[in-house]
Amino acid sequence: MKILLEELSRDPSPPRQWIGSEAWFTDMDMLRFTSCAGAIGVAIQQSVIPGFRNFLLDLSPSEVAASPVLSEFWEDAFNCTLRKSEIFQVLTELKKVNFSQNGYHVSFDANGDPVAFYELVNWQTNERGAIEPVPVSVCSESCPPGTRKVLQKGKPICCYDCIPCPEGEISNM
């Protein structure tokens, strides 16, 4: 996508309405392209799960070995190699995962893919000529840096409270 936008920067085309996928729409480097002004796209909701970092660091090798994602994390974090699991066994178990945390429901479909919730994102040019995302919420303001969203129970997904990030963690939005 960057190559296309770089070419359009050199030889501009008539204005276009860009609709982007998460793969490039969450890349803040794309904001440097003025042709992206007015673009809309989707992005998977982000959240911080309290205690998740400590959970990962406290896992034993036998617990980690059952998950390719956790195995990769462990091998990188602790500079070690773990015995590989049978992928079909992991997929079978992954399909059974189903829980809620901080108002977010986590589950996987029949293919083992996560069921995601998306937010619509819109980039607009501000008065200084810079491109920035437009706040997407209807009943809550965007959370400031250093805080994260927590959904308000019984209200639409655009209604949330902003709470401080856990110690040692930051928000990038």
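The values are calculated or read from the model by the stated rules, or taken from the named source; none is laboratory data. Bear in mind the structure is a predicted one, so any value in this text is a computation, not a measurement. Reconstructed Cβ throughout: ideal geometry from the backbone, glycine too, with neighbour counts over all protein chains shown.
A few points about this structure:
- Number of positions in segment 112-171 that are over 30 Å from ARG16 (Cα atoms), at pLDDT 80 or above and aliphatic (A, V, I, L, M): 3
- Segment 102-111 - residue that is among the polar types (S, T, N, Q) and under 22 Å from PRO68 (Cα atoms) and, of those, modelled with the highest pLDDT: SER107
- Boolean, GLY38 is in contact with a Gly (Cβ under 6 Å, 6 or more places away or on another chain), closer than 27 Å to GLY129 by Cα and either in contact (Cβ under 8 Å) with a residue 12 or more places away in the chain or not assigned by TED's automatic domain parsing to the domain that holds ALA130 (or both): no
Per-residue answers, yes or no, for (1) touching a helix residue (DSSP H, G or I) at 6+ places or on another chain (Cβ under 8 Å); (2) at pLDDT 80 or above:
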position	(1), (2)
ARG10	no, yes
ALA39	yes, yes
ILE44	yes, no
SER47	no, no
PRO50	no, yes
ALA65	yes, no
GLU75	no, yes
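- Within segment 11-25, being touching a residue at least 24 places away in the same chain (Cβ under 8 Å) and either within 19 Å of ASN126 (Cα to Cα) or polar (S, T, N, Q) (or both) holds for one residue alone: PHE25.
- Summed over segment 1-45, residues that are under 23 Å from ALA116 (Cα atoms), surrounded by 13 or more Cβ atoms within 10 Å (Cβ to Cβ) and either of a type in the set (Val, Ile, Thr) or out of contact with any strand residue (DSSP E or B) (no Cβ under 9 Å at 6 or more places or on another chain) (or both) total 3.
- Residue within segment 77-98 that is outside the structural domain of ARG16 (by TED's automatic domain parsing), within 30 Å of VAL134 (Cβ to Cβ) and either surrounded by 12 or more Cβ atoms within 10 Å (Cβ to Cβ) or in contact with a Leu (Cβ under 8 Å, 6 or more places away or on another chain) (or both) present: no
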